[in-house]
1. Go through the residues of the range 61-70 one by one and say whether even a single one is surrounded by fewer than 16 Cβ atoms within 10 Å (Cβ to Cβ), part of a strand (DSSP E or B) and touching a residue at least 24 places away in the same chain (Cβ under 8 Å).
2. Please verify whether D121 is in a loop (DSSP other than H, G, I, E, B), more than 16 Å from the chain's Cα centre (by Cα) and not polar (S, T, N, Q), treating the condition exactly as stated.
3. Among the numbered conditions (1) surrounded by 15 or more Cβ atoms within 10 Å (Cβ to Cβ); (2) of a type in the set (A, V, I, L, M); (3) touching a residue at least 60 places away in the same chain (Cβ under 8 Å), tell me where V252 comes up short.
4. Could you list, in sequence order, the residues of the range 10-42 that are in a loop (DSSP other than H, G, I, E, B), out of contact with any Gly (no Cβ under 8 Å at 6 or more places or on another chain) and under 22 Å from K76 (Cα atoms)?
5. Take the residues in the range 278-316 that are surrounded by fewer than 18 Cβ atoms within 10 Å (Cβ to Cβ) and either in contact with an Asp or Glu (Cβ under 6 Å, 6 or more places away or on another chain) or hydroxyl-bearing (S, T, Y) (or both); name whichever of them is nearest to I250 (Cα to Cα).
6. Just to be sure, is V252 under 16 Å from the mean Cα position of the chain (by Cα), over 16 Å from N130 (Cα atoms), of a type in the set (A, V, I, L, M) and part of a helix (DSSP H, G or I)?
7. Has the range 220-230 got any residue that is surrounded by fewer than 14 Cβ atoms within 10 Å (Cβ to Cβ), outside the structural domain of L187 (by TED's automatic domain parsing) and not hydrophobic (A, V, I, L, M, F, W, C)?
8. Restricted to the range 158-177, and to residues that are modelled with pLDDT under 95 and surrounded by 19 or more Cβ atoms within 10 Å (Cβ to Cβ), which residue is nearest to H204 (Cα to Cα)?
Amino acid sequence: MKFSIIVPVYNRPKEIKELLISLNRQKFTDFEIIIVEDGSTETCKNEVEAFTKQLSITYYFIPNGGQGFARNYGMKRAKGEYFVLFDSDCIIPPEYLRKLKNAIDERSLDAHGGPDAATKDFSLIQQAINYSMTSMLTTGGIRGKTKDHSSYQARGYNMGLSRLAFEASEGFIDPNKGEDIELSIRLKKLGFKLELVEEAFVYHKRRNTLFSFFKQSFSFGQNRVNVSRYHPEAIKAVHILPSLFLGYNIFVLLCIVLNLPYHEIFLSVLLLWFTIILVHAFLKTKSLLVAGLAVITSFGQLNAYGMGLITEKIKAILFWSGKYTDQ
């Protein structure tokens, strides 16, 4: 089996270099790499050219159209039997492709999604963000730790599909806004077998500031609503929980400001949640600093996601009722 690795990139030459270094260390070597520069002003062409003697690699520059369409562009030009999609801020463990090939062969997979993780040399913020994004206490295990591998919805930073699955689905139908989740759902509806491959994980650097992470979390909430335009069943109870969490926090704040009876009890429940996250994050990361930051990233992530989902849902309702028009 020959893999075609597709990577869209936008203004991230340093990260591409780190990604290519990790791909050059793969134990399974039957693969090509296709880099699609999505209209960057700071290109990675020089970084890519430095690896042309070590790797089978092709570089394309296209006008900015969004990561989903950039991936489609790369897959249309791929030569492999199976397409692997990574984000440019990922580092790939040496055994990744070998483990993925074994899983595809043993489980007869047409598509897959894999988890992400952080290494100890990531910044404290990146490690805290990784906890927030992967913990059962925050995302509910929907990002790579679900027990039912067939229920997994793959994410674009670490997913793949066969050539046949790509040709049947025609790839991504959105440039962004949850395009990976939409494709995952559609592939399953088309009868293709997509499952989580836990052992095929990547090290994912993610956002490196609190502001950018919370902004991204807000967009994740919006994206879930966008996916529901195509698949109404895409919004489940676990996706509504952050909105309830946001509502509870607003309620607690109002109770404190208005000095309402029993506000100490409501506040203590929230403080208990903070404590649980702190202890759990410390047990996972073995770092009190990371655990303390994880309390902040988890609190901000859930509130931002909930706000994104609520605001986008209101916008969608107004649009569908004919009362909303884009400016």
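The values are calculated or read from the model by the stated rules, or taken from the named source; none is laboratory data. Everything numeric in this text was worked out from a predicted model, so none of it was measured. Positions of Cβ are generated from backbone atoms using ideal geometry, with glycine treated the same way; all protein chains shown enter the neighbour counts.
1. Let us first name the residues in the range 61-70 that are surrounded by fewer than 16 Cβ atoms within 10 Å (Cβ to Cβ), namely 61-64.
Filter once more, so that each one left must be part of a strand (DSSP E or B): 61-62.
Remaining after also requiring touching a residue at least 24 places away in the same chain (Cβ under 8 Å): 61-62.
Looking through the range 61-70, at least one residue is surrounded by fewer than 16 Cβ atoms within 10 Å (Cβ to Cβ), part of a strand (DSSP E or B) and touching a residue at least 24 places away in the same chain (Cβ under 8 Å).
2. On the way: in a loop (DSSP other than H, G, I, E, B): yes; more than 16 Å from the chain's Cα centre (by Cα): yes; not polar (S, T, N, Q): yes.
Answer is yes for this residue.
3. (3)
4. Taking the range 10-42 as the starting set, the residues that turn out to be in a loop (DSSP other than H, G, I, E, B) are 10-12, 24-30, 39-42.
In the following step, the residues that additionally are out of contact with any Gly (no Cβ under 8 Å at 6 or more places or on another chain) were identified as 11-12, 24-30, 40-42.
Within the range 10-42, T29, D30, S40 meet the criteria.
5. Per the stated criteria, the residue is T311.
6. Values: under 16 Å from the mean Cα position of the chain (by Cα): no; over 16 Å from N130 (Cα atoms): yes; of a type in the set (A, V, I, L, M): yes; part of a helix (DSSP H, G or I): yes.
Here the answer is no, as V252 does not meet what is asked.
7. Kept after step one, since they are surrounded by fewer than 14 Cβ atoms within 10 Å (Cβ to Cβ), are these residues of the range 220-230: none.
Within the range 220-230, not a single residue is surrounded by fewer than 14 Cβ atoms within 10 Å (Cβ to Cβ), outside the structural domain of L187 (by TED's automatic domain parsing) and not hydrophobic (A, V, I, L, M, F, W, C).
8. K177
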